[in-house]
Structure formats: C-alpha cells, structure tokens
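Colleague: First, the structure itself, so that you have it in front of you.
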Amino acid sequence: MGLPLYVSRNGVLIPPSQASVPIFNSALYGAFGVYESMQVANGVVFEQGAHLVRLARSAGILELPLPASLATFERWIAEVLAVNAAPDCTLRLFVVGAENGGEVTAFIWPQPTVAYPPALYAHGAPAITFEGQRFLPEAKSLNTLVSFLSRRRAHAIGAHEALLHHGGAFTEGSNSNLFAVIEGIVLTPPAEAVLSGVTRDVLFSLAAENDVALREARLAVRDLPRWDECFITSSTRHIMPITTIDGRPVGDGEVGPLTRRLMALFEAYFAQATAREASVLRR
Ligand code: PDD
C-alpha cells in the first residue's frame with residue numbers, strides 16, 4: 001500500500017489527488033487543526049474510542065468545532081478502511097480548521113504501518129535531548145514544528161528520537177511519551193505538560209493490573225545519570241527501549257528488565273485486542 005485508493009473528506013470518498021487544503025485557508029498558517037494516528041491490525045482500530053475522545057479533547061482546547069459527532073467519525077473510519085481494503089495500516093485523521101465560519105474539514109486515510117527495525121527493540125534505540133516545548137502540549141494539534149525540528153536533528157546524527165525538555169525537566173519525545181526507571185519505579189512526566197498518549201494510558205492500566213510501580217513525576221534533566229532504564233511509547237512504536245541518550249548509555253546500556261516486562265505485557269494486550277476474533281465480534 002503506497003498512496004491510498006481513497007481518502008475520506010468529511011465522509012465523502014475522494015481520490016488522493018483531490019485531498020488538499022486551499023492555500024487561501026489562513027487557518028493553515030496558524031496550524032489550527034488537530035490530528036490522530038491510530039494502529040489498525042486485522043481490521044481492528046486499536047483503542048479507537050480513546051483516540052476519538054482525545055480528538056475531541058484536542059479540538060476543545062483549540063476551540064475548534066469538529067465537523068461531525070464521534071459516532072459519525074467511527075462510520076467514516078470504517079468506510080475508508082473498507083474501500084481501501086486496509087486491514088493492517090496506520091490510520092491518519094486530520095481535522096483542518098477554517099477561519100470565521102469556513103468549512104472545518106476532516107481527512108481520514110490509511111498509510112502503510114511503519115516497520116521499525118527489530119534491532120531497535122532488541123538492543124534499544126539512540127535518542128538525543130532537545131530544549132523546546134510543544135505549544136498547548138495537552139492537545140494533539142497540527143502545530144508540531146518543535147517535534148519536526150527536534151526529530152530532524154535526531155535523524156541527522158543517526159538517533160531515533162529527540163527527548164524534549166524545558167525548565168530543567170523532560171516532558172516527552174518529539175512524537176512519543178517518555179518513561180524512565182529509577183530504583184525499580186517507572187516514572188513519566190505529568191499529563192498536564194504532555195500529550196496524554198493512548199499507549200501511555202494503556203500502560204498505566206497494565207502496570208496497575210500487574211503490580212508494576214508506575215507514577216507520574218518530574219524528570220529533572222540533571223537526574224539523567226540516575227536513570228536505570230528508559231523507553232518511549234507511541235501508537236506506531238508501542239514500547240521502544242532507549243539505551244543511549246546524547247551518546248551516553250542509559251544505565252548499563254542494555255534493554256532493562258522492567259522495560260522488557262512492560263513490552264511483553266503490552267504486546268500481549270495489543271495482540272488480544274486486535275485478534276481476528278475481535279474484528280469479527282465488532283462487525
Ligand atoms: N504521535 N506525544 C506526542 C507529542 C505525540 O505526537 C504522540 C503520538 C505521543 C504518543 O501518543 P499515542 O500513544 O497516543 O500515539 C506522545 C503520533 C504517533 C504521531 O505523531 O503520528
């Protein structure tokens with residue numbers, strides 16, 4: 001699957017060549033819009049409900065009226081997945097605002113799932129630190145310049161992700177949530193300062209069910225040498241270990257035991273939630 005056959009624009013299925021935003025829409029310059037990226041496996045959209053609730057929350061923070069109810073979004077998603085015959089993909093959903101009563105437009109389309117190199121999971125990925133902060137961090141808005149620039153810097157030097165910090169504390173990855181393990185406790189920056197990731201939320205439930213100590217806490221940059229383990233989470237990556245930061249090893253530089261345990265718990269949960277039977281049950 002390269003380009004999709006069809007893109008959904010407010011529920012109307014159009015060819016990708018017509019899926020465009022007019023340059024005259026000044027909302028574009030303000031990045032006045034919100035988006036979601038969801039994983040689809042066996043025809044099941046993983047945690048679709050949570051993604052759509054977050055879409056509504058992000059839109060609310062921007063005071064951007066969504067063009068349809070969440071139930072209608074669910075229908076549009078099902079339609080675009082069916083017409084593209086895309087049971088396994090990353091589903092992109094963009095809601096682009098408009099100034100002063102213009103039409104708010106939702107675009108939904110499938111794209112190939114990113115297959116990250118298995119070595120990043122087996123041995124861990126390299127990350128860099130980057131000073132900066134997303135504007136309105138609780139919203140998944142189209143204003144992602146700091147993410148874009150920080151990730152570009154990371155990729156330029158062969159690192160996988162950039163870990164954002166400001167005011168002396170880490171917040172999140174450029175497009176992921178950040179976790180550190182210190183003395184057997186998994187810590188992640190408080191939800192007020194970051195995007196509350198769907199993967200992050202699932203991890204909180206799994207940790208609680210499996211007696212893993214996981215808490216929100218300020219992650220001071222100066223405490224980096226105390227980190228025993230580190231990992232990031234996102235819909236496309238699931239849980240990915242980070243074993244070097246700015247060229248220095250995290251802990252002993254190996255993927256740590258708590259990271260491995262959470263990876264296994266998450267993969268089991270994902271497999272169960274997206275099993276073929278789940279797809280049949282939901283039809
Ligand atoms: N990004 N923090 C930021 C800034 C993100 O952009 C993302 C997701 C996350 C993780 O959220 P979730 O677990 O719900 O995917 C955290 C997606 C993958 C993207 O940019 O396409």
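Colleague: Which of (1) among the charged types (D, E, K, R); (2) within 11 Å of the ligand (Cβ to nearest atom); (3) out of contact with any Gly (no Cβ under 8 Å at 6 or more places or on another chain) does E161 not meet, given it meets every other one?
Modeller: (3)
Colleague: Please list, ordered by first then second residue, the pairs with beta carbon atoms under 6 Å, 6 or more apart or interchain, first in the stretch 190-213 and closer than 20 Å to L136 by Cβ, second acidic (D, E) and away from the ligand (no atom under 13 Å from the Cβ).
Modeller: Listed pairs, sorted by first residue: P190/E216.
Colleague: Inspect the stretch 189-207 for any residue being touching a Gly at 6+ places or on another chain (Cβ under 8 Å) and of a type in the set (D, E, K, R) and give the result as yes or no.
Modeller: From the stretch 189-207, those touching a Gly at 6+ places or on another chain (Cβ under 8 Å) are none; that's our starting set.
For the stretch 189-207, residues touching a Gly at 6+ places or on another chain (Cβ under 8 Å) and of a type in the set (D, E, K, R): absent.
Colleague: Give the number of residues within the stretch 168-190 that are within 11 Å of the ligand (Cβ to nearest atom) and over 12 Å from the mean Cα position of the chain (by Cα).
Modeller: So the answer is 3.
Colleague: Also, I was wondering about something else. Filtering the stretch 37-76 down to residues that are in a loop (DSSP other than H, G, I, E, B) and on the phi < 0 side of the Ramachandran plot, which residue is surrounded by the most Cβ atoms within 10 Å (Cβ to Cβ)?
Modeller: Across the stretch 37-76, the extreme among qualifying residues is F46.
Colleague: Among the residues of the stretch 16-36, what is the count of those that are closer than 20 Å to P67 by Cβ and either among the charged types (D, E, K, R) or outside any helix (DSSP H, G or I) (or both)?
Modeller: 13
Colleague: Of the numbered conditions (1) in contact (Cβ under 8 Å) with a residue 24 or more places away in the chain; (2) in a helix (DSSP H, G or I); (3) of a type in the set (A, V, I, L, M); (4) closer than 22 Å to E138 by Cβ, V80 satisfies every one except a single condition; which is it?
Modeller: (4)
Colleague: Taking the stretch 31-81 as the search range and keeping residues that are of a type outside the set (A, V, I, L, M) and touching a Phe, Trp or Tyr at 6+ places or on another chain (Cβ under 7 Å), which one is farthest from V114 (Cα to Cα)? Steps first, answer last, please.
Modeller: Here is the first cut: in the stretch 31-81, the residues of a type outside the set (A, V, I, L, M) are 32-33, 35-37, 39, 42-43, 46-49, 51, 54, 57-58, 60, 63, 65, 67, 69, 72-76, 79.
With touching a Phe, Trp or Tyr at 6+ places or on another chain (Cβ under 7 Å) added as a condition, the list becomes 33, 35, 39, 46.
Details: G33: 24, Y35: 18, Q39: 10, F46: 15 Å.
So, considering only residues that are of a type outside the set (A, V, I, L, M) and touching a Phe, Trp or Tyr at 6+ places or on another chain (Cβ under 7 Å), the one farthest from V114 (Cα to Cα) is G33.
Every number here is computed from the coordinates shown, using simple stated rules; none is lab data. As the structure is a prediction and not an experimental result, all values here were calculated from the model. Cβ sites come from the backbone with ideal geometry, for glycine too, and all protein chains shown count toward neighbours.
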